Amino acid sequence: MKILHLITDHQVIERTLGVYEEVFPGCNEVLVFGDGDKPFKRLKGDYKGRIVNFRNLEWFASNYDFSKVTHVISHYMSYDKIDFIKFIPKNIPVCWEIYGYDLYNQFLEPRGYKIYYASPLKYESHGFLRQHASGLFHFMATLKGYKYCFDFQKNKQFKYIANRIDSIQYCCGYDAEYVKEFVGREIPSYEIFNYSLNEVLGELKGSDFSTGNDVLVGNSASFSNNHLYVLDFLKQIDIPKQTKIIMPLSYGGTKEYADDIETIYKEQFPNQLEPLRKYIPLQEYNKYFLRLKSMILSAWRQESQGTAMMGFYLGIKVYMSERSPLYKWFTDCGFSVFPIETVTSASFFDSLSLEEKEKNRSLVVERYNEDRIKDIFKKNIK
(Lines give C-alpha, C1' and ligand atoms only; values in the text may rest on other atoms or scores of the structure.)
Protein backbone atom coordinates (compact mmCIF):
# COMPACT_ATOMS: atom_id res chain seq x y z
CA MET A 1 0.00 0.00 0.00
CA LYS A 2 1.11 3.55 -0.81
CA ILE A 3 -1.11 6.51 0.04
CA LEU A 4 -0.35 9.76 -1.76
CA HIS A 5 -1.55 12.73 0.29
CA LEU A 6 -2.20 16.02 -1.51
CA ILE A 7 -2.04 18.68 1.19
CA THR A 8 -2.16 22.45 1.68
CA ASP A 9 -0.48 24.64 4.29
CA HIS A 10 -3.03 24.17 7.09
CA GLN A 11 -2.83 24.07 10.88
CA VAL A 12 -4.23 20.56 11.38
CA ILE A 13 -2.86 18.58 8.44
CA GLU A 14 0.43 17.43 9.97
CA ARG A 15 -1.40 16.08 13.02
CA THR A 16 -3.73 14.21 10.65
CA LEU A 17 -0.78 12.82 8.71
CA GLY A 18 0.65 11.58 12.00
CA VAL A 19 -2.50 9.53 12.58
CA TYR A 20 -2.22 8.03 9.08
CA GLU A 21 1.37 7.08 9.81
CA GLU A 22 0.31 5.35 13.02
CA VAL A 23 -2.32 3.34 11.17
CA PHE A 24 -0.34 2.77 7.94
CA PRO A 25 3.36 3.05 8.92
CA GLY A 26 5.74 3.66 6.03
CA CYS A 27 2.90 3.87 3.50
CA ASN A 28 2.42 7.63 3.26
CA GLU A 29 3.87 10.11 0.80
CA VAL A 30 3.08 13.84 0.76
CA LEU A 31 2.90 16.52 -1.93
CA VAL A 32 2.30 20.13 -0.83
CA PHE A 33 0.28 22.40 -3.11
CA GLY A 34 1.16 26.05 -2.75
CA ASP A 35 3.18 28.97 -3.99
CA GLY A 36 6.59 27.65 -2.99
CA ASP A 37 8.15 31.11 -3.01
CA LYS A 38 6.95 32.04 0.47
CA PRO A 39 7.61 30.30 3.81
CA PHE A 40 4.82 28.10 5.12
CA LYS A 41 2.68 29.67 7.83
CA ARG A 42 1.71 26.43 9.57
CA LEU A 43 3.62 23.46 8.13
CA LYS A 44 6.77 22.61 10.04
CA GLY A 45 8.08 19.61 8.08
CA ASP A 46 10.72 19.58 5.35
CA TYR A 47 8.92 19.37 2.00
CA LYS A 48 11.79 20.32 -0.28
CA GLY A 49 11.24 18.94 -3.76
CA ARG A 50 7.59 18.10 -3.02
CA ILE A 51 5.94 21.47 -3.62
CA VAL A 52 3.52 21.62 -6.54
CA ASN A 53 1.86 24.67 -8.08
CA PHE A 54 0.52 25.82 -11.44
CA ARG A 55 4.03 26.71 -12.63
CA ASN A 56 5.48 23.21 -12.30
CA LEU A 57 2.32 21.08 -12.11
CA GLU A 58 2.31 19.65 -15.64
CA TRP A 59 5.99 18.75 -15.51
CA PHE A 60 5.72 17.34 -11.99
CA ALA A 61 2.63 15.21 -12.75
CA SER A 62 4.01 13.97 -16.06
CA ASN A 63 7.21 12.78 -14.38
CA TYR A 64 5.70 11.42 -11.17
CA ASP A 65 5.84 7.64 -10.72
CA PHE A 66 2.30 6.51 -9.89
CA SER A 67 3.09 2.80 -10.33
CA LYS A 68 3.17 2.05 -6.59
CA VAL A 69 0.39 4.42 -5.53
CA THR A 70 -2.72 2.59 -4.33
CA HIS A 71 -4.70 5.51 -2.88
CA VAL A 72 -4.77 9.28 -3.36
CA ILE A 73 -6.32 11.54 -0.71
CA SER A 74 -6.79 15.22 -1.38
CA HIS A 75 -6.99 17.03 1.95
CA TYR A 76 -8.91 20.11 0.74
CA MET A 77 -9.71 20.18 -2.97
CA SER A 78 -8.18 23.13 -4.81
CA TYR A 79 -8.10 23.85 -8.54
CA ASP A 80 -4.42 22.95 -8.83
CA LYS A 81 -5.04 19.63 -7.09
CA ILE A 82 -7.84 18.88 -9.55
CA ASP A 83 -5.48 19.58 -12.45
CA PHE A 84 -2.92 17.26 -10.87
CA ILE A 85 -5.54 14.54 -10.37
CA LYS A 86 -6.25 14.64 -14.11
CA PHE A 87 -2.82 13.04 -14.59
CA ILE A 88 -3.48 10.21 -12.12
CA PRO A 89 -4.27 6.84 -13.76
CA LYS A 90 -7.99 6.08 -13.64
CA ASN A 91 -7.45 2.78 -11.80
CA ILE A 92 -6.09 4.58 -8.72
CA PRO A 93 -8.92 5.57 -6.34
CA VAL A 94 -9.09 9.23 -5.33
CA CYS A 95 -10.64 10.46 -2.09
CA TRP A 96 -11.72 14.04 -1.34
CA GLU A 97 -11.45 15.12 2.27
CA ILE A 98 -13.83 18.09 2.40
CA TYR A 99 -12.62 20.92 4.61
CA GLY A 100 -15.50 23.35 4.08
CA TYR A 101 -14.31 26.35 2.09
CA ASP A 102 -13.23 24.11 -0.77
CA LEU A 103 -16.80 22.86 -1.28
CA TYR A 104 -19.03 25.74 -0.19
CA ASN A 105 -17.16 28.90 -1.19
CA GLN A 106 -15.29 27.48 -4.14
CA PHE A 107 -17.98 25.39 -5.83
CA LEU A 108 -21.42 25.80 -4.26
CA GLU A 109 -21.55 29.58 -3.88
CA PRO A 110 -21.06 30.19 -7.64
CA ARG A 111 -24.03 27.86 -8.13
CA GLY A 112 -26.26 29.95 -5.87
CA TYR A 113 -25.62 28.57 -2.37
CA LYS A 114 -25.91 31.58 -0.04
CA ILE A 115 -23.00 31.86 2.36
CA TYR A 116 -22.89 35.53 3.32
CA TYR A 117 -25.47 37.62 5.13
CA ALA A 118 -23.66 40.74 3.88
CA SER A 119 -21.47 40.83 0.80
CA PRO A 120 -17.74 40.74 1.62
CA LEU A 121 -16.79 42.45 -1.66
CA LYS A 122 -16.45 45.89 -0.05
CA TYR A 123 -13.63 44.48 2.09
CA GLU A 124 -11.82 42.52 -0.62
CA SER A 125 -9.12 43.63 -3.02
CA HIS A 126 -10.73 44.95 -6.23
CA GLY A 127 -14.11 44.33 -4.61
CA PHE A 128 -15.78 47.32 -6.32
CA LEU A 129 -14.67 46.09 -9.74
CA ARG A 130 -15.78 42.55 -8.97
CA GLN A 131 -19.19 43.77 -7.87
CA HIS A 132 -19.91 46.20 -10.70
CA ALA A 133 -17.87 44.78 -13.58
CA SER A 134 -17.25 41.15 -12.72
CA GLY A 135 -16.77 40.09 -16.33
CA LEU A 136 -14.02 42.65 -16.85
CA PHE A 137 -12.40 41.73 -13.52
CA HIS A 138 -12.35 38.02 -14.38
CA PHE A 139 -11.04 38.73 -17.87
CA MET A 140 -8.19 40.79 -16.43
CA ALA A 141 -7.44 38.03 -13.90
CA THR A 142 -7.31 35.52 -16.75
CA LEU A 143 -4.76 37.70 -18.57
CA LYS A 144 -2.63 37.65 -15.41
CA GLY A 145 -2.56 33.85 -15.46
CA TYR A 146 -5.42 32.89 -13.15
CA LYS A 147 -6.96 29.81 -14.75
CA TYR A 148 -10.32 29.49 -13.02
CA CYS A 149 -12.00 32.87 -12.68
CA PHE A 150 -15.36 32.47 -14.39
CA ASP A 151 -18.21 30.48 -12.88
CA PHE A 152 -18.43 28.18 -15.89
CA GLN A 153 -14.77 27.24 -15.39
CA LYS A 154 -15.34 26.54 -11.69
CA ASN A 155 -18.40 24.49 -12.49
CA LYS A 156 -16.46 22.46 -15.04
CA GLN A 157 -13.78 21.67 -12.45
CA PHE A 158 -16.43 20.71 -9.90
CA LYS A 159 -18.13 18.43 -12.42
CA TYR A 160 -14.84 16.73 -13.28
CA ILE A 161 -13.77 16.04 -9.71
CA ALA A 162 -17.24 14.99 -8.55
CA ASN A 163 -17.23 12.36 -11.29
CA ARG A 164 -13.60 11.34 -10.73
CA ILE A 165 -13.53 10.76 -6.96
CA ASP A 166 -14.18 7.32 -5.55
CA SER A 167 -14.90 8.34 -1.96
CA ILE A 168 -15.48 11.32 0.32
CA GLN A 169 -14.27 12.05 3.83
CA TYR A 170 -16.47 14.51 5.70
CA CYS A 171 -16.87 16.02 9.15
CA CYS A 172 -20.49 16.93 8.36
CA GLY A 173 -22.57 14.36 6.50
CA TYR A 174 -24.37 17.01 4.47
CA ASP A 175 -21.10 17.97 2.77
CA ALA A 176 -21.05 14.61 1.03
CA GLU A 177 -24.75 14.83 0.23
CA TYR A 178 -24.25 18.13 -1.63
CA VAL A 179 -21.57 16.53 -3.84
CA LYS A 180 -23.68 13.46 -4.52
CA GLU A 181 -26.69 15.61 -5.35
CA PHE A 182 -24.66 17.69 -7.79
CA VAL A 183 -23.22 14.74 -9.67
CA GLY A 184 -26.32 12.54 -9.40
CA ARG A 185 -24.58 9.38 -8.24
CA GLU A 186 -23.84 7.56 -5.02
CA ILE A 187 -20.30 8.02 -3.71
CA PRO A 188 -18.97 6.02 -0.73
CA SER A 189 -18.41 8.45 2.14
CA TYR A 190 -17.39 8.31 5.78
CA GLU A 191 -16.92 10.66 8.70
CA ILE A 192 -13.53 11.79 9.90
CA PHE A 193 -12.33 14.73 11.99
CA ASN A 194 -9.08 16.68 12.04
CA TYR A 195 -9.40 18.13 15.51
CA SER A 196 -8.01 15.75 18.08
CA LEU A 197 -10.11 15.96 21.24
CA ASN A 198 -6.98 16.04 23.38
CA GLU A 199 -5.52 18.84 21.26
CA VAL A 200 -8.73 20.88 21.22
CA LEU A 201 -9.34 20.62 24.96
CA GLY A 202 -5.76 20.77 26.19
CA GLU A 203 -5.72 21.43 29.94
CA LEU A 204 -9.52 21.63 30.01
CA LYS A 205 -9.93 17.90 29.42
CA GLY A 206 -11.78 16.47 32.41
CA SER A 207 -12.62 19.92 33.78
CA ASP A 208 -15.95 20.85 35.33
CA PHE A 209 -18.68 22.38 33.18
CA SER A 210 -18.39 26.12 32.58
CA THR A 211 -20.23 28.30 35.08
CA GLY A 212 -19.60 31.60 33.27
CA ASN A 213 -22.08 34.22 32.08
CA ASP A 214 -20.39 35.62 28.97
CA VAL A 215 -21.27 35.11 25.30
CA LEU A 216 -18.95 34.11 22.44
CA VAL A 217 -19.83 35.38 18.96
CA GLY A 218 -18.12 33.57 16.08
CA ASN A 219 -14.68 32.02 16.05
CA SER A 220 -12.82 34.30 13.64
CA ALA A 221 -13.10 37.34 11.38
CA SER A 222 -14.08 35.21 8.39
CA PHE A 223 -16.80 36.81 6.30
CA SER A 224 -18.89 33.65 6.55
CA ASN A 225 -19.10 34.04 10.34
CA ASN A 226 -21.95 36.43 9.54
CA HIS A 227 -21.42 38.72 12.53
CA LEU A 228 -24.05 41.21 11.36
CA TYR A 229 -26.64 38.44 11.10
CA VAL A 230 -25.94 37.59 14.75
CA LEU A 231 -26.25 41.26 15.69
CA ASP A 232 -29.81 41.36 14.34
CA PHE A 233 -30.78 38.80 16.97
CA LEU A 234 -28.63 40.13 19.81
CA LYS A 235 -30.40 43.50 19.48
CA GLN A 236 -33.61 41.75 20.50
CA ILE A 237 -32.08 40.29 23.66
CA ASP A 238 -31.79 42.09 26.96
CA ILE A 239 -28.16 41.30 27.73
CA PRO A 240 -27.13 42.08 31.33
CA LYS A 241 -24.57 44.86 31.65
CA GLN A 242 -22.08 42.59 33.41
CA THR A 243 -22.16 40.06 30.55
CA LYS A 244 -19.29 40.39 28.10
CA ILE A 245 -19.59 39.61 24.38
CA ILE A 246 -16.31 37.92 23.45
CA MET A 247 -15.51 38.12 19.75
CA PRO A 248 -12.38 36.49 18.22
CA LEU A 249 -11.22 38.66 15.30
CA SER A 250 -7.52 37.83 15.18
CA TYR A 251 -7.54 35.85 11.93
CA GLY A 252 -9.64 35.30 8.82
CA GLY A 253 -11.32 37.93 6.68
CA THR A 254 -9.51 41.27 6.45
CA LYS A 255 -8.45 43.95 8.91
CA GLU A 256 -11.01 46.31 7.36
CA TYR A 257 -13.81 43.82 8.00
CA ALA A 258 -12.69 43.20 11.60
CA ASP A 259 -12.47 46.97 12.20
CA ASP A 260 -15.98 47.50 10.86
CA ILE A 261 -17.48 44.65 12.88
CA GLU A 262 -15.84 45.91 16.06
CA THR A 263 -17.10 49.46 15.45
CA ILE A 264 -20.67 48.36 14.68
CA TYR A 265 -20.88 46.08 17.72
CA LYS A 266 -19.47 48.77 20.01
CA GLU A 267 -22.21 51.13 18.89
CA GLN A 268 -24.76 48.62 20.16
CA PHE A 269 -22.77 47.23 23.12
CA PRO A 270 -20.21 49.94 24.03
CA ASN A 271 -19.24 48.50 27.41
CA GLN A 272 -19.81 44.82 26.78
CA LEU A 273 -17.87 43.97 23.64
CA GLU A 274 -14.52 42.29 24.23
CA PRO A 275 -12.85 41.85 20.83
CA LEU A 276 -9.83 39.54 20.57
CA ARG A 277 -7.65 41.15 17.90
CA LYS A 278 -4.24 39.64 18.68
CA TYR A 279 -3.10 36.05 18.40
CA ILE A 280 -3.57 34.15 21.66
CA PRO A 281 -1.83 30.79 22.35
CA LEU A 282 -4.30 27.90 22.37
CA GLN A 283 -4.06 27.10 26.08
CA GLU A 284 -4.65 30.74 26.99
CA TYR A 285 -7.47 31.08 24.47
CA ASN A 286 -9.19 27.98 25.85
CA LYS A 287 -9.56 29.70 29.23
CA TYR A 288 -12.07 32.06 27.66
CA PHE A 289 -14.46 29.13 27.31
CA LEU A 290 -14.68 28.84 31.09
CA ARG A 291 -16.24 32.32 31.10
CA LEU A 292 -19.04 31.35 28.74
CA LYS A 293 -22.68 30.56 29.25
CA SER A 294 -23.47 30.51 25.54
CA MET A 295 -21.84 30.76 22.12
CA ILE A 296 -23.25 31.79 18.77
CA LEU A 297 -21.70 30.23 15.66
CA SER A 298 -23.72 31.64 12.81
CA ALA A 299 -21.98 30.46 9.64
CA TRP A 300 -24.32 29.29 6.90
CA ARG A 301 -21.83 26.68 5.77
CA GLN A 302 -19.93 23.96 7.58
CA GLU A 303 -17.51 25.94 9.75
CA SER A 304 -16.18 26.22 13.34
CA GLN A 305 -16.65 22.56 14.27
CA GLY A 306 -13.79 22.63 16.78
CA THR A 307 -15.30 25.60 18.61
CA ALA A 308 -18.66 23.83 18.81
CA MET A 309 -16.91 20.75 20.22
CA MET A 310 -15.48 22.89 23.01
CA GLY A 311 -18.93 24.26 23.76
CA PHE A 312 -20.54 20.83 23.87
CA TYR A 313 -17.81 19.41 26.09
CA LEU A 314 -17.88 22.28 28.59
CA GLY A 315 -21.67 22.46 28.96
CA ILE A 316 -21.98 25.75 27.08
CA LYS A 317 -25.23 26.44 25.27
CA VAL A 318 -24.43 26.36 21.54
CA TYR A 319 -26.46 28.42 19.09
CA MET A 320 -26.13 28.05 15.33
CA SER A 321 -28.10 29.18 12.32
CA GLU A 322 -30.86 26.95 10.98
CA ARG A 323 -29.29 27.56 7.58
CA SER A 324 -26.11 25.72 8.59
CA PRO A 325 -25.66 22.12 7.45
CA LEU A 326 -23.50 21.64 10.55
CA TYR A 327 -26.45 22.64 12.76
CA LYS A 328 -28.54 19.97 11.05
CA TRP A 329 -25.71 17.44 11.36
CA PHE A 330 -25.17 18.05 15.07
CA THR A 331 -28.92 17.71 15.59
CA ASP A 332 -28.92 14.42 13.66
CA CYS A 333 -26.05 13.20 15.85
CA GLY A 334 -28.06 13.88 19.02
CA PHE A 335 -26.38 17.03 20.36
CA SER A 336 -28.44 19.65 22.17
CA VAL A 337 -27.88 22.64 19.88
CA PHE A 338 -30.22 25.58 19.36
CA PRO A 339 -31.22 27.81 16.40
CA ILE A 340 -30.37 31.49 16.85
CA GLU A 341 -33.40 32.38 14.71
CA THR A 342 -35.89 31.46 17.45
CA VAL A 343 -34.03 32.94 20.42
CA THR A 344 -35.75 35.18 22.98
CA SER A 345 -34.42 37.09 25.98
CA ALA A 346 -35.87 34.46 28.26
CA SER A 347 -34.62 31.40 26.40
CA PHE A 348 -31.16 32.79 25.59
CA PHE A 349 -30.07 32.81 29.22
CA ASP A 350 -31.66 29.51 30.17
CA SER A 351 -28.86 27.14 31.09
CA LEU A 352 -28.64 23.64 29.73
CA SER A 353 -29.92 21.03 32.11
CA LEU A 354 -27.33 18.77 33.73
CA GLU A 355 -28.69 15.93 31.61
CA GLU A 356 -28.13 17.96 28.40
CA LYS A 357 -24.61 18.93 29.45
CA GLU A 358 -23.68 15.35 30.24
CA LYS A 359 -25.18 14.10 26.99
CA ASN A 360 -23.27 16.65 24.90
CA ARG A 361 -19.98 15.84 26.63
CA SER A 362 -20.55 12.12 26.24
CA LEU A 363 -21.25 12.49 22.51
CA VAL A 364 -18.11 14.58 21.99
CA VAL A 365 -15.93 11.99 23.73
CA GLU A 366 -17.61 9.15 21.84
CA ARG A 367 -17.43 10.69 18.36
CA TYR A 368 -14.16 12.63 18.37
CA ASN A 369 -11.57 10.38 19.98
CA GLU A 370 -8.48 9.23 18.08
CA ASP A 371 -9.20 5.52 18.47
CA ARG A 372 -12.41 6.00 16.52
CA ILE A 373 -10.69 7.79 13.64
CA LYS A 374 -8.04 5.08 13.48
CA ASP A 375 -10.76 2.43 13.25
CA ILE A 376 -12.45 4.46 10.50
CA PHE A 377 -9.21 4.59 8.49
CA LYS A 378 -8.65 0.84 8.89
CA LYS A 379 -12.19 0.09 7.80
CA ASN A 380 -12.34 2.36 4.76
CA ILE A 381 -8.79 2.47 3.37
CA LYS A 382 -7.73 -1.00 2.29
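The values are calculated or read from the model by the stated rules, or taken from the named source; none is laboratory data. What you see is a predicted model; the values in this text were computed from it and never measured. With ideal geometry, Cβ positions are generated from the backbone for all residues, glycine too; neighbour counts draw on all protein chains shown. Surface accessibility is based on the protein's heavy atoms, side chains included, excluding ligands, DNA and RNA. Shrake-Rupley method; radii C 1.70, N 1.55, O 1.52, S 1.80 Å.
Worth a mention:
- Cα shape, the stretch 297-382, gyration tensor, a/c 1.5 rule: oblate
- Efficiency of FRET between residue 153 and residue 180 - r from beta-carbon atoms, R0 25 angstrom, step 0.05: 0.65
- Distance from the Cα centroid of the stretch 222-267 to that of the stretch 148-221 is 24 Å (rounded to whole angstrom).
- Charge tally around residue 89: other residues with Cβ under 15 Å, Lys/Arg +1 each, Asp/Glu -1 each, net +3.
- Filter on 122/159; 114/147; 114/255; 44/359; 147/278 - keep pairs with C-alpha separation over 26 Å: 122/159; 44/359; 147/278
- Residues residue 56 and residue 2, FRET efficiency given R0 of 22 Å [Cβ-Cβ distance, rounded to 0.05]: 0.50
- With each label modelled as a point 7 angstrom along the Cα→C-beta vector, the residue 379-residue 287 pair spans 4.0 nm.
- Euclidean distance between Cα centres, the stretch 297-336 to the stretch 50-78, Å: 35 Å
- Enclosed volume per residue, in Å³, of the convex hull spanned by Cα atoms of the stretch 6-106: 114 Å³
- Note on the chain: Kirkwood radius taken over Cα pairs, Stokes-Einstein applied at 37 °C and 0.692 mPa s, translational D equal to 147 µm² s⁻¹.
- Mean accessible surface per residue for the chain, computed with a 1.4 Å probe while every protein chain stays in place, in Å²: 47 Å²
- Neighbourhood charge, 13 Å Cβ-Cβ cut-off, centred on residue 98 and excluding it, Lys, Arg +1 and Asp, Glu -1: -3
- When the Cα positions of 294, 3, 273 are compared along the charge dipole of the chain, 3 comes out farthest toward the positive end, with charges on each C-beta of Lys, Arg, Asp and Glu.
- GNM top mover of 110, 281, 240 - the chain, alpha-carbon springs below 10 Å: 281
- Cα gyration tensor, the stretch 69-121 - rounded (a/c under 1.5), prolate or oblate: prolate
- Length added when fully stretched, residue 40-residue 358, from 0.36 nm per residue minus Cα-Cα: 110.5 nm
- Listed by chain and number, the aspartates and glutamates whose alpha-carbon sits under 14 Å from that of residue 382, ignoring those within fewer than 8 places in the same chain, are 166.
- A Förster radius of 25 Å, combined with the Cβ-Cβ distance separating residue 365 from residue 203, puts the computed FRET efficiency at roughly 0.95.
- Highest-MSF residue in the chain out of 34, 206, 252 [GNM, Cα springs under 10 Å]: 206
- Coarse-grained scattering of the stretch 217-289 at q = 0.19, 0.21 Å⁻¹, given as base-10 log I(q)/I(0) from a Debye sum over alpha-carbon atoms: -0.78, -0.94
- Loop-located GluC sites (Glu not before Pro) in the stretch 294-382 whose Cβ has at most 15 other Cβ within 10 Å (DSSP): 322
- Just checking the listed ones, 302, 236, 272: in the Gaussian network model of the chain with Cα springs under 10 Å, the one fluctuating most is 236.
- Estimated [θ] at 222 nm from DSSP helical runs (n ≥ 4, -39500 (n - 2.57)) normalised by residues in the chain, nearest 500: -10500 deg cm²/dmol
- Student exercise, the chain dipole from Lys, Arg, Asp, Glu Cβ charges, in Debye to nearest 20: 780 debye
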